[in-house]
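A short write-up of the structure that comes next.
None of the figures in this text is laboratory data; all of them are computed from the coordinates on show. Predicted model, so just to flag it, every value in this text is computed and none were measured. Positions of Cβ are backbone-derived with ideal geometry, glycine not excepted, and every protein chain shown enters the neighbour counts.
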Amino acid sequence: MDSMKRYFLFALSILFVLCLTGCWGNREIEDLSVNVGLALDVGEESELEQELAKEGDSYPKKNLITATLQTVPVLKGKSEKQSGSSKSSPMYLNTEETGDSIFQLYRQFSLRRYRPIIGHHLKVIVISSELSRKMDLNKLLKFISRDNDIRPSCLILISKEKASEALISSQSGDIPSFHLRSMVENQFRNNKILAPMILTKLDGIMNSGSSFILQNLVSAKGEVEFAGAGVIKGKINKWIGTLNEHEVEGLNWIRGEIEGGVIKTYDKSGEVLAYEIKSAKTKIKTKVQGNDISFHVSIESDGRLIENWDTSQVPTDDKFLKEAEGYFEEELKEMLHKTIHKIQEVYHVDVGGFNNKLRIQHPKVWKKVKKEWDETFSQSDITYDVKLNITDYGSSTK
Amino acid sequence: MFTRTDDKITTAQTVVIISCYMLGSGVLTLPRTLTERVKTADGWISLILGWLIIMLAGICIVKLCQQFPGKTIYQFVQEIVGSWIGSCLSMLMILYFVAISAFQIRVMAEVTMLYLLESTPIWAIVMSFMWIGLYLITSGINSIARLFEIILPITIIVLLICMFLSSKIFDINNVRPVLGEGLFPVIRGLKTTILVFLGYEIMIILPAFMQHPQKGVKALIIGTSIPLVLYLITFIMVVGALSVDGVVRSTWPTLDLMRSFEITGLLFERFEFFLLVIWIMQIFSTFTITFYAGSLGLAQLFQKNIQPIMYGLIPIIYIVALLPKNMNELFDFGDFVSSVSIYLFGLLPVLLLLITKIFKKGAVKEDG
């Protein structure tokens, strides 16, 4: 081959290497603010914001929403790292922004923090009941479900008080958003936790116009607890009230979402009796007669007698076990009764999944009543029977 | 492996080409487009019915091609209806293929820009894609077939794994009841399902390249069943997780399904990237085969060398791909092109077959 030509080709290929600069648009992960949690409250400018506004930070907006963006990691000075636990500083940074468009609030963030925010790891969204009472959830979550970074797997929670307080933790080293995310997984330990409501599911439910419940949070002194549920009425998608822990438990039984937990009651002498749920099964049968729609809920569960304070009774005695089963069944029935009363008579919403049962079992009837379902549901009859079996009594017979 | 010089493809390769062509941008939007029309969870029945209809149309095409062994439709259509109408029909088909390849490449660019390469300019994505495609098709149908043979198994495995992993958020109640509102919704969905099964029309040229053209129908049946099964699984898993009301709200429901869960402790947490990667490969295959079909048509229509035509088509496809101004125009463009195909490859072959049978044109008895 002609040597000139070879040199030329060689030089050309070297030149082409220059084109392979690779990731010129890269951003170091340490230099990003990873948005892990978002709390939405009724718009109220914080002191800091008011001062900033006085200094000239203003743009045309209505102060409808205060968004608290939780980001990690936090920059730590060297001295702080060495001083260790003597002065514990949080692992996260909460930034409050007030305005209307949530997307704009996100972008305002860049005016205050130099590290650009990314949404890929958003784990939880906490909405205060106050805000969701005033505003359609659909509007609040529109940006979140449309954004291409934020994953629809993020969790939606309701907070009784200010949502931003749910994103504060008194334990050092704890990141509240991760904390909340993991706590939902405790369903197998406690039946007062609702099945996680992720954005994907919520989007479908909101579009169908049915009512739903979201896990409620209460917080005090930097501690956050799951407590009951916020009831959101379909169609308007606004918060109308809360269910307490007891009712959430009952609802979980009705929805067949029990994975574990306890039923506690008292025997006739007032001593504690506790039942550990090993398995639970719920069946709902719908009956349609003319215009009357009725439901029959039957619950069956196997479990263990785990605690009885009345030591004169021994679980090896069949009669006592039968008696204990009776107490537990009574307790569960009471719970169901209260729950159904609350959702039918007080809130007039179907959050127990009865609509799905009717849709599947009587699709033609469902089509007729789905427009005014919550009202129809409030008038329908719900009966239930409960069967609890104590199968064993653990490692202690007396 | 020995290199073939006669550029023929085996029956298995034909199957693979049909499957790869069918699996295009449809997988990503199918659950939404179908549910929008059906409005219940019965879309999967529409899928099966649509597949049956497609099969009939496909068999017509294969039978037609078998009347003219060794020739593609571009070559024999003039024998059937005369040179003027024949050329016009060929031209329409060529335009169709060019439009489909442009559409596919644009959809690919849009999704890539949304989820993968946010700030990469569209021309950079589209052009690199087109040049690689060109590189592939200049070597002829045999190279295309061999590449597709590599792509298809990967696609099937990755798609199945992704769908299987999503079972965590699958809820059977979302796909019940079956036929709750009767058969009517299913019929409504037929138009959409026929459109997602587009791809069978590649049989207008493939029998000419087959070693055993008499096995055309068999290849067609197997080739279309693979996408059917994949579509069925995808549809049921997506609707099962997102529910009927959720699916219609999502622009790319299949991707949203993947984005709705993370699997911790399995080396990878997020699986939408796998889906996107295999799906880009599938779009690539759809793009190349339509590109090839278009250039082959032009070459045979004007009896010119195929290579310069391929180079010449590049700018045309590029311009057509960038014509739609926004997502709505893009989806409208896709709908329009697909509905054209119903006439072009659904009704026309039946007519042509009738004419051939009545006037006894072509080589009636082929020797295999």
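Quick notes on this one:
- Estimated distance in nm for a label pair at B:I233 and B:S139, the labels positioned 7 Å out from Cα along Cα-to-Cβ: 2.9 nm
- Within the shell defined by Cβ-Cβ distances under 13 Å, the residues around B:E118 carry a net charge of -2, with Lys and Arg each +1 and Asp and Glu each -1.
- 5 angstrom amide H check on A:V42, placed H, neighbours 5+ away: A:T66, A:L131
- C-alpha center-to-center spacing [the stretch A:4-20, the stretch A:182-253] in angstrom: 64 Å
- Here the Karplus curve 6.51 cos²θ - 1.76 cosθ + 1.60, taken at θ = phi - 60°, turns the phi angles of the stretch A:157-164 into couplings of 10, 10, 10, 5, 9, 5, 5, 5 Hz, with x standing for Gly and Pro.
- Whole-number D in µm² s⁻¹ for the stretch B:199-280, Kirkwood Cα-pair radius fed into Stokes-Einstein, 10 °C, 1.306 mPa s: 102 µm²/s
- 20 Å binning of all Cα-Cα separations within chain A, expressed as whole percents from 0 upward: 23, 43, 25, 7, 2, 0
- This ranking places A:Y327, B:Y311 by how few other beta-carbon atoms lie within 10 Å of each, fewest first, which gives B:Y311, A:Y327.
- Amide H contacts for B:I9 (H built 1.01 Å from N in the peptide plane; partners 5 or more residues away or on another chain; cut-off under 5 Å): B:M210, B:Q211.
- Among B:L159, B:L296, B:L183, residue whose mean-square fluctuation peaks in a GNM of chain B (springs only between Cα atoms under 10 Å): B:L183
- When the Cα convex hull of the protein assembly as shown is projected onto planes of every orientation, the mean area is 46.8 nm².
- Computed from backbone phi, the HN-Hα couplings of the stretch A:333-342 come to 4, 4, 4, 4, 4, 4, 4, 5, 4, 4 Hz, rounded to whole numbers (Karplus: 6.51 cos²θ - 1.76 cosθ + 1.60, θ = phi - 60°; Gly and Pro given as x).
- Mean Cβ neighbour count within 10 Å, used as a protection proxy, ranking B:18-29, A:8-19, B:226-237, A:171-182 highest first: B:18-29, B:226-237, A:171-182, A:8-19
- The calculated FRET efficiency for B:H212 paired with A:T383, based on their beta-carbon distance and R0 = 56 Å, is about 0.25.
- Interchain or long-range residues, amide H under 5 Å from A:R151's placed H: A:L122
- Between A:R189 and B:E79, the simple label model (points 7 Å from Cα in the Cβ direction) yields a spacing of 7.8 nm.
- Across peptide A:201-210, the average count of Cβ atoms from other chains found within 10 Å of a residue's Cβ is 5.
- For chain B: rounded, prolate or oblate by the Cα gyration tensor [a/c cutoff 1.5]: prolate
- Within chain B, longest stretch free of exposed GluC sites (Glu not before Pro) [DSSP loop, at most 12 other beta carbons within 10 Å]: B:119-268
- Residue-averaged beta-carbon neighbours from other chains (10 angstrom radius) around B:113-122: 1
- Sequentially through the stretch B:106-113, phi angles give Karplus couplings (6.51, -1.76, 1.60; θ = phi - 60°) of 6, 4, 4, 5, 4, 5, 4, 5 Hz, Gly and Pro residues having no value and appearing as x.
- Only one residue of A:W309, A:F320, A:V351 has its Cα farthest out toward the positive end of the dipole of the stretch A:249-392, where Lys and Arg carry +1 and Asp and Glu -1 on Cβ, and that residue is A:V351.
- Cβ-based charge dipole, the stretch B:190-274, positive-most Cα from B:T224, B:A241, B:P207: B:P207
- Put the Cα centre of the stretch B:181-259 next to the Cα centre of the stretch A:290-338 and the gap is 50 Å.
- The stretch B:9-355 - charge dipole about Cα centre, Lys and Arg +1 at Cβ, Asp and Glu -1, debye rounded to 20: 580 debye
- Over 30 Å (Cα to Cα) - which of A:K142/A:K371; A:K123/A:K287; A:K238/A:K278; A:K123/B:K191; A:K264/A:K367; A:K371/B:K325 fall in this group: A:K123/A:K287; A:K238/A:K278; A:K123/B:K191; A:K264/A:K367; A:K371/B:K325
- Take the Cα of A:K278, step 7 Å toward its Cβ, do the same at B:D335, and the gap between the two points is 5.7 nm.
- Spherically averaged projected area of the stretch A:28-243 from its Cα convex hull (nm²): 13.1 nm²
- Neighbouring partner chain Cβ atoms per residue of B:175-187, average, 10 Å criterion: 2
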